[in-house]
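Reading through the structure tokens given below for one structure.
The values are calculated or read from the model by the stated rules, or taken from the named source; none is laboratory data. For clarity, every value in this text was computed on a predicted model and none was experimentally measured. Neighbour counts are summed over all protein chains in view; Cβ atoms, including those assigned to glycine, are modelled from backbone coordinates with ideal geometry. Side chains are part of the model used for accessible areas, which takes the heavy atoms of the whole protein and leaves out ligands, DNA and RNA. Shrake-Rupley method; radii C 1.70, N 1.55, O 1.52, S 1.80 Å.
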Amino acid sequence: MSIEDNKRIARTFFEEIWNQKDESAIERYIPLDAGGNDADFGQGREGFRAQWKQWVAAFPDLHFEVVDLISEGDKVLSRWVLTGTFEGELLGAKGDGRKIRVEGMSLDRIEDGLVAEGFDGWDNYGFRKQLGVVE
């Protein structure tokens, strides 16, 4: 696949799975044995799906704005801003309508049109502070 194809896959991954909340897109973009660095998201497609369900229930208006995309070879780096309204439950905290905003990056390896592996770096501490989980 070309660099432009890989960038398109990374952008539509965020758009369809997260912004449109299309659960069926998980099969289109994540292989059964997908790898990642975020222990909260577990491993593989079903680990991702379980966490995805919790996140979209906690933040019904969850939105990823992809700010930058950089691609080389089979890797795409996406810099993003996550926003949403905390209305459900997550990490032991109950939603109270507060707005959250978090910045981060995802380095994904694209293989056969799928996000085979992802490495996320984001302000997890700042996110937990916004939820009131940490001081």
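Tabulated data
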| item | result |
| --- | --- |
| Candidates Phe59, Phe64, Phe13 - the one that is surrounded by 14 or more Cβ atoms within 10 Å (Cβ to Cβ), in contact (Cβ under 8 Å) with a residue 40 or more places away in the chain and over 18 Å from Leu131 (Cβ atoms) | Phe13 |
| Any pair with Cβ under 9 angstrom, 6 or more apart, that starts in region 101-116 at a residue that is in contact (Cβ under 8 Å) with a residue 40 or more places away in the chain and closer than 16 Å to Glu27 by Cα and ends at one that is of a type in the set (Ser, Thr, Tyr) and not in a strand (DSSP E or B) | Gly113/Tyr29; Leu114/Tyr29; Val115/Tyr29 |
| Enumeration of residues in region 94-113 that are of a type in the set (D, E, K, R) and in a strand (DSSP E or B) | Lys94, Lys99, Arg101, Glu103, Asp108, Arg109, Glu111 |
| Condition check for Lys129: assigned to a helix (DSSP H, G or I), open to solvent by 70 Å² or more (accessible area, probe 1.4 Å) and either closer than 26 Å to Ile9 by Cβ or among the acidic types (Asp, Glu) (or both) | no |
| Failed item in (1) touching a residue at least 24 places away in the same chain (Cβ under 8 Å); (2) over 16 Å from Arg45 (Cα atoms); (3) open to solvent by 60 Å² or more (accessible area, probe 1.4 Å), with Phe119 passing the rest | (2) |
| Residue that is nearest to Ala116 (Cα to Cα), among those in region 77-93 that are assigned to a strand (DSSP E or B) and open to solvent by 30 Å² or more (accessible area, probe 1.4 Å) | Leu77 |
| Residue count, region 6-28 (criterion: in contact with a Gly (Cβ under 8 Å, 6 or more places away or on another chain) and either at pLDDT below 95 or polar (S, T, N, Q) (or both)) | 0 |
| Residues satisfying the stated conditions in region 101-112, i.e. open to solvent by 20 Å² or more (accessible area, probe 1.4 Å) and of a type outside the set (Asp, Glu) | Arg101, Met105, Leu107, Arg109 |
